[in-house]
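Let me begin by handing over the structure; questions about it come next.
The values are calculated or read from the model by the stated rules, or taken from the named source; none is laboratory data. These numbers were taken from a predicted model, which means no experiment stands behind them. For neighbour counting, all protein chains shown are included, and Cβ atoms are generated from backbone atoms with ideal geometry for every residue, glycine included.
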Amino acid sequence: MIRKLAFKSYPEPIMVRYLRHTPAIVLASASFLLTACQDSSSPAELPTRQSEVEVADIAWFEGTVEQAFAEAQTQQRPVYLYWGAVWCPPCQEIKNTVFKSKQFIAQTEQFIPVYLDGDTQQAQTWGETFGVKGYPTMIVFNPAGDEITRIPGGIDIDRYNRVLALSLDHMRPTAMLVELALNDPNQLQASDYQQLAYYSWGQDHKALPEGSSPELFHQLAARVRDADPEASARLYLQGLVLQSESSLLESSTQDDGTQAGPEQLHQILETPELVLACWDYLAYWPEEIDRVLNLEGDARSALHSNWQDAVLSAMHHPTLSVAEQLGGWFPYLTFYLEDDEDGEKALPETVIEAIRTDAKSADDQTRNAHARQSVVNMIRYLYSSAKLNDDARQLLLAELERSASPYYFMSSLASLSESEGKTEEALKWRRMAYEASTGTATRFQWGVNYVRALIRLQPDDHASITTTSVALFEELGNGGEEVFLGRNFRYLSGLNEQLRTWEVEQGAPMGQALLHAFDARLESLCAQQEPASIGDDHCSQLLTERVGDS
C-alpha cells in the first residue's frame, strides 16, 4: 500500500552509485515489465463486473458467493476470494502481475476463485461479513468456509504464489496459528511461520486478540532467525510496524533476546534476498520503523545510509513490478527531507533527473490501460513526494484521456491543488471526480470526499454542502440493503459526524435544515432494516450519535 511519507536525508555517494548502475538495471528489467503488463483477453461476464477487469485465463466462478461456498463444500476444494474495485491502483497491480502469472493460473485448478467487485450487489454485505477494510483483500477459505489466511499485495509474484501454495497445502487457519504463538509456540510448524510472516495484517484488525503486544512478532522472529531468515525478517519488521501504530513507541527491554533493536534490520539490509523479501516494509514504512528504533547520532546515520543503499541497489530487480520498483525511491526521500519542515530544502539535480528517468521509463513501458492505474498512481506519488508538483500535474492531466477510471486521477489532481492552496481548483476537481464516478459504493465514497472537501475548504457554502449531501445520501438509499454495511457504512458514519461538527461550528439555519433532511432520510432507511441485523445495529449507532449531539 502507498503511504504518506515524511521527507528526510541522503548521502551523495549512494546516489552516484545509483546513477552509475541505472542503464544496465533498467535494460535487465525490460523483458519482465513487458510480460507483466501485456494485454490479455477478459474472462466471461460475471455478476461482479468481470468484463472491466483483464485477468488472463482464470476461470472465475460464475455465480454468487453463496453458490461458490456451496460448490466448494461439494467438491471439497478451498475458496480464493478476491475483493477489489476497478479504480483501485493496488487492485490493478495484483490483476496485472499475480493474476497474469502462469503459476497462479495453474494454482486456480486447486481452488474455486471468486472475484467480487465492491460496486456489485451484495459486495458490501460480504465485505461486512468477512471484516474486510479496503481494496484489495485476498482471502483463502477451506472447503467448510473457514478462513485460512489473507495474502498481502506488495510482494513479488513468486513469493505470492509460494505463500498461496503453502496455505492450500496446510490449511491451518491464521487465527489458530496466532493462538498457538501466544500459548504454545512449540506446536508451530515451519510453514506456519511463513504464513504468519506473509499474512495481510493491515487488512484484518481481528487477526490479533485485543491487547496483543507487538513483542509477539519479535519473539516469533527470534525463534526462526536461523532456520528461516526470510520469515524471521518479515515478522521482525511487522512487529516494528505494529509498535509504531500503538502507544509502544519505545524498544522492548526484555532480557530473552527478542528486543526490537536495529541489529536484525542491518542484517536484512545487508542481504539482497531479504531486501526483496521485505520490500513492502522497507520501501513504505521507513519513517515509522526509524521512529520506533529511536536511534541517535552516528548509529542513526549509519542505519539510514545502509537502508538507502540497500533499497536503491535492489529497486530495479526484475522480480519487482514496474510500480514496486519506483517504491525504491521512498526511503531516500524520507531520510533526505526529514528536517525540511519549511519545505524549502531542494533535491540535488542529479536526483531529480534520475527520478524523472525512472518515472518516464515506467510510463513508457506500461501500455495496458488497467495496469497504468497502478503505475501512474505510483509515479504521481513519487513526483509529489519529490516536490515535483508540475510533473505530477502534467502526468495526471494526460492520463485523464487514457484511464479506465479517470475519476481516481481527478481526485489526485484535487489533492495536489489543495496542497498548493488552490481552493477553487481543488473543489472543481473533487466535484468533477464525484460526477464522473460510477458504481453505487464508489459514487458514495467520492461524493463524501467532495462534501468533506467543501466543509474543509469552503464551509460557508451552505447551499453546495446541503444539496450534495442530500443528493448523495438519496442516491445511496436507492442502493437497497447495503446502505449501512461495509465501506458504505464507514463513509456514511464519517459523513454523519462531519456534518454535525460543521453544523455546530456554523450555527447556521442552513446547517440545521440540512441535518433535518439528513435525519429524516436516515430514519426512513433505518426503518427498512431487518430487526437485529448488522444494518439495524449500525443504524442504531448513527441515531444514538444524533441524539447525543442534540
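Please find, among 456, 452, the residue that is in contact (Cβ under 8 Å) with a residue 40 or more places away in the chain, at negative phi, part of a helix (DSSP H, G or I) and surrounded by fewer than 19 Cβ atoms within 10 Å (Cβ to Cβ). Break it down stepwise before answering.
Values: 456 fails: in contact (Cβ under 8 Å) with a residue 40 or more places away in the chain.
Result of the check over 456, 452: 452.
Is there a residue being within 16 Å of residue 168 (Cβ to Cβ) and assigned to a helix (DSSP H, G or I) anywhere in segment 75-83? Before you say what the answer is, go through the steps one by one.
Keep residues of segment 75-83 that are within 16 Å of residue 168 (Cβ to Cβ), which gives 75-82.
Among the residues that remain, those that are also assigned to a helix (DSSP H, G or I) are: 75.
Taking every residue of segment 75-83 in turn, at least one turns out to be within 16 Å of residue 168 (Cβ to Cβ) and assigned to a helix (DSSP H, G or I).
Go through segment 195-220 residue by residue and tally those that are buried (at least 22 other Cβ atoms within 10 Å of the Cβ), part of a helix (DSSP H, G or I) and without any contact (Cβ under 8 Å) to a residue 60 or more places away in the chain.
The total comes to 6.
Shifting gears a bit: I'd like to verify a number: residues in segment 423-441 that are outside any helix (DSSP H, G or I) and either in the same structural domain as residue 84 (by TED's automatic domain parsing) or surrounded by 15 or more Cβ atoms within 10 Å (Cβ to Cβ) (or both), how many? So that I can check it myself, show each step before the final result.
Residues of segment 423-441 that are outside any helix (DSSP H, G or I), as a first pass: 437-439.
Adding the requirement that they be either in the same structural domain as residue 84 (by TED's automatic domain parsing) or surrounded by 15 or more Cβ atoms within 10 Å (Cβ to Cβ) (or both) leaves 437, 439.
The qualifying residues number 2.
Just a yes or no: is a residue in segment 386-399 touching a Gly at 6+ places or on another chain (Cβ under 8 Å), touching a residue at least 40 places away in the same chain (Cβ under 8 Å) and within 29 Å of residue 451 (Cα to Cα)?
So the first thing to find is which residues in segment 386-399 are touching a Gly at 6+ places or on another chain (Cβ under 8 Å), and the list is 387.
Now narrow it down to the ones that are touching a residue at least 40 places away in the same chain (Cβ under 8 Å): 387.
With within 29 Å of residue 451 (Cα to Cα) added as a condition, the list becomes 387.
Yes, segment 386-399 contains at least one residue that is touching a Gly at 6+ places or on another chain (Cβ under 8 Å), touching a residue at least 40 places away in the same chain (Cβ under 8 Å) and within 29 Å of residue 451 (Cα to Cα).
If you don't mind, there's one more thing I want to ask. Does any residue in segment 416-445 that is farther than 20 Å from residue 405 by Cα come within less than 7 Å, Cβ to Cβ, of a residue that is outside any helix (DSSP H, G or I) and not acidic (Asp, Glu) six or more places away or on a different chain, and which pairs are these?
Cβ pairs passing all conditions: 423/458.
Anything in segment 421-430 that is within 13 Å of residue 455 (Cα to Cα) and of a type in the set (Lys, Arg)? List them, or say none.
430
To continue, here is another question. When residues of segment 97-123 are filtered for being farther than 14 Å from residue 81 by Cβ and not aliphatic (A, V, I, L, M), how many remain? Write out each step before concluding.
Taking segment 97-123 first, the residues farther than 14 Å from residue 81 by Cβ are 97-98, 100-107, 109-110, 119, 121.
Then drop every residue that is not not aliphatic (A, V, I, L, M), which leaves 97, 100-104, 107, 109-110, 119, 121.
Matching residues across segment 97-123 total 11.
Is one or more of the residues making up segment 335-346 assigned to a helix (DSSP H, G or I) and of a type in the set (D, E, K, R)? Before the answer, list the steps.
Within segment 335-346, the subset assigned to a helix (DSSP H, G or I) is 335-336.
The next check asks that each one be of a type in the set (D, E, K, R); those that pass are none.
No, every residue in segment 335-346 fails to be assigned to a helix (DSSP H, G or I) and of a type in the set (D, E, K, R).
Hey, another quick one. Of the conditions (1) in a helix (DSSP H, G or I); (2) under 22 Å from the mean Cα position of the chain (by Cα); (3) of a type in the set (Ser, Thr, Tyr), residue 319 fails just one. Which one is it?
Exception for residue 319: condition (1).
Okay, moving on. So which of 240, 235 is more than 19 Å from residue 176 (Cα to Cα) and assigned to a helix (DSSP H, G or I)? First the steps, then the outcome.
Working: 235 fails: more than 19 Å from residue 176 (Cα to Cα).
Of 240, 235, the one residue that is more than 19 Å from residue 176 (Cα to Cα) and assigned to a helix (DSSP H, G or I) is 240.
Run down 376, 311, 322 and say which single residue is in contact with a Gly (Cβ under 6 Å, 6 or more places away or on another chain) and either modelled with pLDDT under 95 or not aromatic (Phe, Trp, Tyr) (or both). First the steps, then the outcome.
On the way: 376 fails: in contact with a Gly (Cβ under 6 Å, 6 or more places away or on another chain); 322 fails: in contact with a Gly (Cβ under 6 Å, 6 or more places away or on another chain).
Only one candidate qualifies: 311.
While we're here: Going through segment 258-307 one residue at a time, which ones are assigned to a loop (DSSP other than H, G, I, E, B), farther than 19 Å from residue 246 by Cα and free of Cβ contacts under 8 Å to residues at least 40 places away in the same chain?
Answer for segment 258-307, where residues must be assigned to a loop (DSSP other than H, G, I, E, B), farther than 19 Å from residue 246 by Cα and free of Cβ contacts under 8 Å to residues at least 40 places away in the same chain: just 296.
While we're here: If you check every pair at least six apart or on different chains, which have Cβ atoms under 6 Å apart with a residue in segment 118-135 that is not assigned by TED's automatic domain parsing to the domain that holds residue 91 first and a residue that is crowded, with 22+ Cβ neighbours inside 10 Å and among the charged types (D, E, K, R) second?
Every condition considered, no pair remains.
For a quick check of your reading: which helices (runs of 4 or more DSSP H) sit entirely within segment 89-185 and have at least 3 residues that are modelled with pLDDT of 90 or more and surrounded by fewer than 21 Cβ atoms within 10 Å (Cβ to Cβ)?
On the way: elements: 89-95, 102-107, 123-130, 157-170, 174-183.
The qualifying helices (runs of 4 or more DSSP H) are 102-107, 123-130, 157-170, 174-183.
Which of the residues spanning segment 347-363 are of a type outside the set (Val, Ile, Thr), touching a residue at least 24 places away in the same chain (Cβ under 8 Å) and in a helix (DSSP H, G or I)? Quick ask: steps written out before the conclusion?
Of the residues in segment 347-363, the ones of a type outside the set (Val, Ile, Thr) are 347-349, 353-354, 356, 358-363.
Add one more test, that the residue is touching a residue at least 24 places away in the same chain (Cβ under 8 Å), and what stays is 347-348, 354, 356, 358-359, 361-363.
If the condition is that a residue be of a type outside the set (Val, Ile, Thr), touching a residue at least 24 places away in the same chain (Cβ under 8 Å) and in a helix (DSSP H, G or I), then 354, 356, 358, 359, 361, 362, 363 are the ones that fit.
Can you give me the number of residues within segment 360-380 that are farther than 15 Å from residue 321 by Cβ and surrounded by 15 or more Cβ atoms within 10 Å (Cβ to Cβ)?
Our first condition is that a residue be farther than 15 Å from residue 321 by Cβ; within segment 360-380, this holds for 360, 364, 369, 380.
Imposing the further condition that a residue be surrounded by 15 or more Cβ atoms within 10 Å (Cβ to Cβ) reduces the set to 369, 380.
Residues in segment 360-380 being farther than 15 Å from residue 321 by Cβ and surrounded by 15 or more Cβ atoms within 10 Å (Cβ to Cβ): 2 in total.
Further question on the same structure: Quick check: is even one residue across segment 346-355 modelled with pLDDT under 95 and closer than 27 Å to residue 312 by Cα? Before you say what the answer is, go through the steps one by one.
As a first pass, look at segment 346-355 and keep what is modelled with pLDDT under 95: 346.
When the remaining residues are screened for being closer than 27 Å to residue 312 by Cα, the result is 346.
Yes.
Another question, if that's okay. For residues that are acidic (Asp, Glu) and surrounded by 15 or more Cβ atoms within 10 Å (Cβ to Cβ), scanning just segment 486-536, find the one that is nearest to residue 132 (Cα to Cα).
Checking each candidate, the answer is 536.
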